[in-house]
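Here's the structure we're looking at; comments come further down.
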Amino acid sequence: MMNLLSMDHLSKEEMMALIDRAIAIKEGNIAPFDKTLYVSNLFFENSTRTKKSFEMAQAKLGIHTIDFEVSTSSVNKGESLYDTCKTMEAIGCDALVIRHPENEYYQQLEGLNIPVINGGDGSGSHPSQCLLDLMTIYEKFGYFEGLKVIIVGDILHSRVAKSNFQALTKLGADVKFVAPQEYREHDLPVEYVDMDQVIDQVDVCMLLRVQLERHLYNHDDIQAEYNKHYGLNMERYLRLKDQAIIMHPAPVNRGVEITDELVEADKSVIFEQMTNGVYMRMSILQTVLSQHLVNTPTIQVVAG
């Protein structure tokens with residue numbers, strides 16, 4: 001695994017290997033690198049959980065994080081993404097974690113000689129979030145085959161929804177979507193269902209943030225009624241199976257996707273997802289960087 005760009009690129013075996021490694025790291029089995037490595041996190045969109053989780057993962061692995069801030073970079077002088085990344089490679093970075101508003105931005109980075117880990121591309125993919133979600137589900141159930149999963153909310157603008165649908169379906173789960181007509185993505189081969197008709201049957205209720213910053217038109221009317229028709233409230237919570245779990249990639253619009261009192265309810269694993277995010281990103285970094293080091297020729301210095 002030379003890069004981590006999209007869940008489409010990972011086999012079931014590769015996904016399970018990353019999950020197993022993350023769980024082992026969580027249990028204290030950390031194998032540090034035997035050389036100093038440098039990684040830069042290039043975030044062209046706002047982020048708290050993903051960016052800080054990668055920073056914590058890098059710190060725990062002894063990786064040096066090279067600071068990058070868009071607001072003070074040459075991006076503001078018109079520098080291309082490719083040239084920014086080539087610069088970070090040239091000064092000695094061993095890998096880049098990139099979040100960018102353009103879908104599949106990584107297609108323009110084929111000339112890089114260091115790995116790229118996708119921290120989220122537009123409304124396209126979010127593989128590290130998906131993998132930490134998979135880890136959390138696997139810890140709770142121990143399997144994926146046959147699990148009933150609903151992904152609820154702003155499907156159209158959600159890279160999390162797309163990545164999780166791809167991965168969970170590949171792993172054998174039964175995935176369905178719940179969304180208002182205005183938030184539906186029609187390019188995915190998935191069934192849309194009524195939340196109230198399935199809420200008592202699901203194992204995983206995965207809620208999505210309503211991404212108002214990506215909307216090109218006003219949804220105030222839908223916002224006002226969203227929780228009533230599509231959000232998780234106490235009435236729906238009480239209908240969930242005893243072993244069911246509630247997930248959300250966060251940040252949470254409290255009172256919209258989920259009522260305030262349920263964010264930390266017994267069936268909620270929202271903050272557990274964040275904790276697992278550090279271990280999964282450690283797993284990703286170890287896997288990608290280890291493969292890169294194997295494929296990087298060693299320069300031998302001969303005394304003359």
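The aspartates and glutamates within cross-link reach of LYS35, meaning a Cα-to-Cα straight distance under 14 Å and a gap of 8 or more places when in the same chain, are ASP94. Per residue, the accessible area of segment 1-152 comes to 45 Å², computed with a 1.4 Å probe over protein heavy atoms only. Basic side chains Lys and Arg get +1 at the Cβ, acidic Asp and Glu get -1 at the Cβ, and with that the dipole of segment 1-117 about its Cα centre reaches some 380 debye.
Hey, can you list the DSSP H helices of the chain whose Cα span along the axis is 20 Å or longer and whose average Kyte-Doolittle score is at least 0.0? Flagged H segments are 12-26, 127-141, 270-295. Calculated [222 nm] ellipticity per residue, helices only, for the chain: -11000 deg cm²/dmol; basis is -39500 (n - 2.57) per DSSP H run with n ≥ 4, divided by all residues, nearest 500. Computing Rg and the Kirkwood Rh from the Cα coordinates of the chain gives a ratio, Rg/Rh, of 0.99. For the pair segment 226-298 and segment 54-92, the centres of their Cα atoms are 27 angstrom apart. Listed by chain and number, the lysines placed with their C-alpha closer than 18 angstrom to that of LYS267 are LYS140, LYS148, LYS241; residues fewer than eight positions away on the same chain are left out. The residue among VAL149, ALA250, GLY172 whose Cα reaches farthest toward the positive pole of the charge dipole of segment 127-269, with charges on the beta-carbon of Lys, Arg, Asp and Glu, is GLY172.
Ranked by the mean number of other Cβ atoms within 10 Å of their residues, highest first, the peptides 185-197, 82-94, 155-167 come out as 155-167, 82-94, 185-197. For LYS77, the lysines whose Cα comes closer than 17 Å to its Cα, not counting residues fewer than 8 places off in the same chain, are LYS86. Taking a ≥ b ≥ c as the square roots of the eigenvalues of the Cα gyration tensor, an a/c ratio of 1.5 or more together with a/b no larger than b/c marks segment 127-269 as oblate.
The values are calculated or read from the model by the stated rules, or taken from the named source; none is laboratory data. Keep in mind it's a predicted model, so treat the numbers as computed, not measured. No Cβ is skipped: glycine too gets one built from the backbone with ideal geometry, and neighbour counts run over all protein chains shown. These area figures cover heavy atoms from the full protein model, side chains too; ligands, DNA and RNA do not enter into them. Shrake-Rupley method; radii C 1.70, N 1.55, O 1.52, S 1.80 Å.
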